[in-house]
Amino acid sequence: GAGVSQSPSNKVTEKGKDVELRCDPISGHTALYWYRQSLGQGLEFLIYFQGNSAPDKSGLPSDRFSAERTGGSVSTLTIQRTQQEDSAVYLCASSLTPGGETQYFGPGTRLLVL
Amino acid sequence: KNQVEQSPQSLIILEGKNCTLQCNYTVSPFSNLRWYKQDTGRGPVSLTIMTFSENTKSNGRYTATLDADTKQSSLHITASQLSDSASYICVAFSGSARQLTFGSGTQLTVLP
């Protein structure tokens with residue numbers, strides 16, 4: 001595709017429910033990142049995938065958060081038993097190679113947990 | 001702890017005027033410094049990437065400077081346009097995907 005796409009664009013859920021957020025990176029990009037952006041805050045790193053290597057999960061805030069990347073392309077971020085503090089914009093980015101390359105961001109998924 | 005501080009937090013200017021946004025970073029090791037523009041409701045878009053050996057880099061009306069000795073960067077916007085209204089985010093990269101440190105951004109509003 002022309003850019004990174006994310007779905008849904010908005011998600012409202014009740015506390016305690018599970019949610020799945022999807023990211024379609026730019027075709028051919030080997031690196032994929034998930035970030036969380038809370039209102040007025042900088043982006044918070046969550047998880048990083050690079051090719052077939054084991055993902056860097058060091059940014060995941062709790063074991064309720066998990067992510068997978070199938071076939072080196074599409075990625076899904078899952079939040080189980082959502083809490084109100086999970087409300088944020090979840091941004092996905094991809095880059096052609098890891099490290100110093102420019103990241104291309106998707107539009108984000110705005111999650112609101114009631 | 002790696003940190004990126006941006007100032008001002010918000011800025012309002014009139015169309016056609018110039019402005020400069022500041023970024024101070026405390027990141028080690030340091031690999032490169034990035035500026036992103038984030039329109040409301042959109043993901044960030046890269047404006048410039050500078051390594052420690054680069055002092056200045058331009059992208060149209062945007063000019064970024066970097067002083068690796070003082071660990072300061074600035075983003076200068078010339079002849080501002082209404083479409084420049086956005087959040088401008090400074091990001092320091094330490095060399096691994098985990099070590100991208102984002103500032104909280106400067107919210108720029110350009111008024112007609």
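Only the coordinates and a few stated rules stand behind these numbers; no lab work does. Predicted, not measured: the structure shown is a model, and the values here were computed from it. Ideal geometry is used to build each Cβ from the backbone, glycine not excepted, and the neighbour counts take in all protein chains shown.
Residue pairs whose Cβ atoms lie under 8 Å apart, separated by 6 or more positions or on different chains, with the first residue in segment B:22-51 and facing chain A (nearest Cβ under 8 Å) and the second part of a strand (DSSP E or B) and of a type in the set (D, E, K, R), are B:P44/B:K37; B:V45/B:K37; B:S46/B:R34; B:I49/B:R34; B:I49/B:K57.
Residues are listed down the side, and each one gets a yes or a no for (1) buried (at least 16 other Cβ atoms within 10 Å of the Cβ); (2) among the basic types (K, R); (3) closer than 24 Å to A:E44 by Cβ:
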site: B:P8; (1), (2), (3): no, no, yes
site: B:K17; (1), (2), (3): no, yes, no
site: B:S31; (1), (2), (3): yes, no, yes
site: B:P44; (1), (2), (3): yes, no, yes
site: B:M50; (1), (2), (3): yes, no, yes
site: B:S74; (1), (2), (3): yes, no, no
site: B:I77; (1), (2), (3): yes, no, no
site: B:C90; (1), (2), (3): yes, no, yes
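Summed over segment A:8-53, residues that are surrounded by 12 or more Cβ atoms within 10 Å (Cβ to Cβ), among the hydroxyl-bearing types (S, T, Y) and either closer than 30 Å to B:V4 by Cβ or without any contact (Cβ under 8 Å) to a residue 40 or more places away in the chain (or both) total 6. Can we say B:G95 is within 14 Å of chain A (Cβ to nearest Cβ), touching a strand residue (DSSP E or B) at 6+ places or on another chain (Cβ under 8 Å) and either buried (at least 18 other Cβ atoms within 10 Å of the Cβ) or outside any strand (DSSP E or B) (or both)? Against the criterion (within 14 Å of chain A (Cβ to nearest Cβ), touching a strand residue (DSSP E or B) at 6+ places or on another chain (Cβ under 8 Å) and either buried (at least 18 other Cβ atoms within 10 Å of the Cβ) or outside any strand (DSSP E or B) (or both)), B:G95 does not qualify. In segment A:59-98, of all residues being free of Cβ contacts under 8 Å to residues at least 12 places away in the same chain and part of a loop (DSSP other than H, G, I, E, B), the one that is farthest from A:Q37 (Cα to Cα) corresponds to A:D63. Looking at B:I13, is it more than 13 Å from B:S87 (Cα to Cα), touching a Leu at 6+ places or on another chain (Cβ under 9 Å) and touching a residue at least 60 places away in the same chain (Cβ under 8 Å)? Answer is yes for this residue.
Total residues in segment B:16-38 satisfying the condition of being in a strand (DSSP E or B) and not aromatic (F, W, Y): the figure is 12. Residue-level analysis places A:Y48 among those that are in contact with a Phe, Trp or Tyr (Cβ under 6 Å, 6 or more places away or on another chain), of a type in the set (F, W, Y) and not in a loop (DSSP other than H, G, I, E, B). A single member of A:R69, A:R81 is among the basic types (K, R) and touching a Leu at 6+ places or on another chain (Cβ under 8 Å), and it is A:R69.
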